[in-house]
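Encoded as structure tokens, the structure appears first; notes follow it.
The values are calculated or read from the model by the stated rules, or taken from the named source; none is laboratory data. Worth saying up front: this structure is predicted, and the values here are computed from it rather than measured. Glycine also receives a Cβ, built like all others from the backbone with ideal geometry; neighbour counts cover every protein chain displayed. The protein model used for the area step is the full one, side chains on, heavy atoms only, and it has no ligands, DNA or RNA in it. Shrake-Rupley method; radii C 1.70, N 1.55, O 1.52, S 1.80 Å.
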Amino acid sequence: MTYLWLALAFIAAAAVAGVVFAGRGARQGEASKHWKAVGLAFAALAVLTAVFDSVMIGMELFHYDSSHILGLKAGLAPIEDFAYPLAGVVALPGLWMWLTRRRNAGAQSNLKGLVPQAILASRPVSWINTAYPFAAAMLLTTREIDWVLIVGTFYFLIPYNLAMYGINDVFDYESDLKNPRKGGIEGALLKPHLHRPMLWLAAITNVPFLLVLALAGGPAAWISLTVSAFAVAAYSVAGLRFKERPVLDSLTSSTHFVSPAVVGLALAGADVTPGLLILLAAFFLWGMAAHAFGAVQDIEPDRQAGIGSIATVIGARRTVRLAVVLWLVAGLAMLATPWPGPLAAIIAVPYIVNCAPYWTVTDTTAARTNVAWRRFIWLNYGSGFLVTLIFILQWGLTS
Amino acid sequence: MGVLYLASLLFGISCMLLLDHRFRLFFWHDAKAAAMVTAVGVLFFLGWDAAGIGLGIFLRGEGTIATGLLIAPELPIEEPVFLLFLTLCTMVLYTGARRLLERLPARQAERERENA
């Protein structure tokens, strides 16, 4: 009998809530349709409950202490089990009608297009650039594919980029508006009414993954995840705007790509060796060079919007030269790593070749570097290919 | 330990979301309100479960198709997923029924106009 009393108590609460919500939420003539639909939905739910509850009890997923139930059954399902769908169908549609009453009266949802916009904003063509460092670092250390690797790779493939570029596009709206380059492969203009939903979407898609990955690792993982998430937000949010602080902008941007690798190493519990540190340093220099060179093409629009960057401050020519030098140092650094690391030095060459023709670029011709920037995006795939070959070689040498 | 039950629930949830997407019933009608209704529904049912478990009425089975992972005493990891499915199923049925009820008179009126 106890179950019946428990069920009646919850049904009573649901019924009161359902009647109150329906009374407040229904417009003229809507109430009768509401209750008819509730009846139809309950009829369908009752049939589904009779069938599937019997199946579930038959499969021994759960059972009841027989002294607590009435004993009346539909199939194997005790009559009290129909209380769940009944309470749900009495209360929830009322809540729904009440919550959507204003919208039905004319207000249109302004969330339309949020997800496609967010995907476009996250630069799918660059997703691999953050997922790959994580997956490679972790797989090469643990040498097995476990759930942490899968979850982490997915996180750094999509949610991470959604947050990084989503937040960026919200706070960059003004300068993007003046930049014809945005809106296509390299970024998207985000409509102002989607700004707040975009920030929420970034938070909702990132926080659970960060918590799960933090739980899977120790202090090293917590620190690296915190640095990674902070760099993502600090790069563009109002107040911090690291992207407008010369040098700090390139450092933060490079952190975006190197930190996934560090997180992967931390989660895998990698040994810290000089070779590994040199590798990460070279990767970091590569990232700084990539950011600095990317900023050159935006000198004009950034200046018009009053946005500073390493390129607007030190000028197009010196930024290009800095990028070339950074790539050169990164390549030379790889020569100091254990075999087969030195092979990776060759990867610096195409970047230098791609960038060097702009050695004498000026601020007024800076926009022309966009041609090289477009090549750069595809160059990364070639570099990824070479890096993968080196990793496979390394895998073979150490097994 | 089996994942059949959990997999079936996730499959069921996917089907509900496909219906929702196809007919713009719930999340695809008003995402914010739908999220709120879903959260309230799942929490309400979980509270009910907790009361039943506390009173010693609900007992977990040892079925081979369940993972056997518990998130609280007598509360398997599948339970919140099932409650999510139940809530989605309820709301898809209700919003679907509303859609049907609103279409019927419209169609009757159309037929009458054609006959006239």
Answer residue from region A:334-349, given it is open to solvent by 50 Å² or more (accessible area, probe 1.4 Å) and either part of a helix (DSSP H, G or I) or free of Cβ contacts under 8 Å to residues at least 40 places away in the same chain (or both) and is nearest to A:L279 (Cα to Cα) among those:
A:L335
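Any residue at all in region B:79-100 that's basic (K, R) and more than 8 Å from chain A (Cβ to nearest Cβ)?
Filtering region B:79-100 down to residues basic (K, R) leaves B:98-99.
This time we only want the ones that are more than 8 Å from chain A (Cβ to nearest Cβ), so: B:99.
Yes, the conditions are met somewhere in region B:79-100.
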Give the residue, chosen from B:L55, B:L4, that is modelled with pLDDT under 90, closer than 28 Å to A:L6 by Cα and surrounded by fewer than 19 Cβ atoms within 10 Å (Cβ to Cβ).
B:L55
Applying the selection to region A:44-85, what residues are polar (S, T, N, Q) and in contact with a Ser or Thr (Cβ under 9 Å, 6 or more places away or on another chain)?
A:S67
Determine which member of the set B:D30, B:D20 is open to solvent by less than 20 Å² (accessible area, probe 1.4 Å), among the acidic types (D, E) and under 23 Å from A:L92 (Cβ atoms).
B:D20
Would it be correct to say that A:V237 is closer than 19 Å to A:A163 by Cβ and in the same structural domain as A:G166 (by TED's automatic domain parsing)?
yes
Just to be sure, is A:W5 modelled with pLDDT of 90 or more and either surrounded by 14 or more Cβ atoms within 10 Å (Cβ to Cβ) or more than 8 Å from chain B (Cβ to nearest Cβ) (or both)?
no
Look at region A:31-43 and say how many of its residues are aliphatic (A, V, I, L, M) and closer than 10 Å to B:Y94 by Cα.
4
Contact list please: Cβ distance under 8 Å, first residue in region B:1-13 and away from every other protein chain (no Cβ under 13 Å), second residue modelled with pLDDT of 90 or more, pairs at least six apart or on different chains.
B:L10/B:V81; B:I13/B:V81; B:I13/B:L84; B:I13/B:F85; B:I13/B:L88
